[in-house]
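*Asks:* Below is one structure. I have some questions about it.
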Amino acid sequence: MRDYIFMKMAKILGMISVIAVFLILLMLLIGIPVGNDLIASRVTKSLRNTPLPDNTEIIEYTSKAGKLDGNGNGMQYFGAQLLKSQLTLAELDNYYSQYRDNDWSFLVSKQESSQIEFIEHGSLRFNSLKDTADFSGYYILYSWGSNNNNSLLDLDLRGH
């Protein structure tokens, strides 16, 4: 009888171990990338929640998480919005400079294609510009984000 109980307990513990390994793998393969995508979308949300200057409208916004620029390992977070404005680049840059927390936030540049040029690894584009021939008045407002040193999120395979 004792052997039977021992065998049942061993079988239950084995099943629990298999389920635990499955859940850990599921978290690594799905949960961590979703968490990183949420951080990237928060970067874009901070741009969207900022008041627009006069004569400017948001056309589209996007975000991406992964190894986006440079060498080495590590997650990077990028958020951007496409602006259509009657203002000059200098005027837009001056306006958004009041919102900059660091050298990597609320940056403005001319957007002269549908492709976002700041993404070195992979690609990211504004879909609303794919049929546009005239890019005058289009600007990209973008920021790079951080995961606040959460090393678990660095296990995302996209960061390598």
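Rule-based calculations on the coordinates, nothing more; no lab input. These numbers were taken from a predicted model, which means no experiment stands behind them. All Cβ positions, even for glycine, are placed from backbone atoms using ideal geometry, and neighbour counts span all protein chains on display.
*Asks:* Could you give the size of the charge dipole of the chain about its Cα centre, using +1 on the Cβ of each K and R and -1 on the Cβ of each D and E, expressed in debye and rounded to the nearest 20?
*Replies:* 960 debye
*Asks:* Amide H of Q111 versus every other amide H placed in the peptide plane: which residues, excluding those fewer than 5 positions away on the same chain, fall under 5 Å?
*Replies:* Y138, Y139, I140
*Asks:* Let me ask something else about it. Please state the relative contact order of the chain as a whole percent: Cα pairs under 8 Å, 6+ residues apart?
*Replies:* 28 percent.
*Asks:* Could you order the peptides 46-59, 71-84 from most to least packed, using the average number of other C-beta atoms within 10 Å per residue?
*Replies:* Answer by packing, highest mean first, reads 71-84, 46-59.
*Asks:* For the chain, set up a GNM with springs between Cα atoms under 10 Å and report which of S143, S109, S17 has the largest fluctuation.
*Replies:* Maximum fluctuation in the GNM of the chain, among the listed residues, is at S17.
*Asks:* So, in nm, how far is label V21 from label Q98 when the simple model puts each one 7 Å beyond its Cα toward the Cβ?
*Replies:* About 5.9 nm, to one decimal.
*Asks:* Evaluate the stretch 83-160: find the radius of gyration of its Cα atoms, find its Kirkwood radius, and give the ratio Rg to Rh.
*Replies:* Ratio of gyration radius to Kirkwood radius: 1.05.
*Asks:* Which distance in Å, rounded to a whole number, links the C-alpha centroids of the stretch 52-113 and the stretch 9-45?
*Replies:* 32 Å
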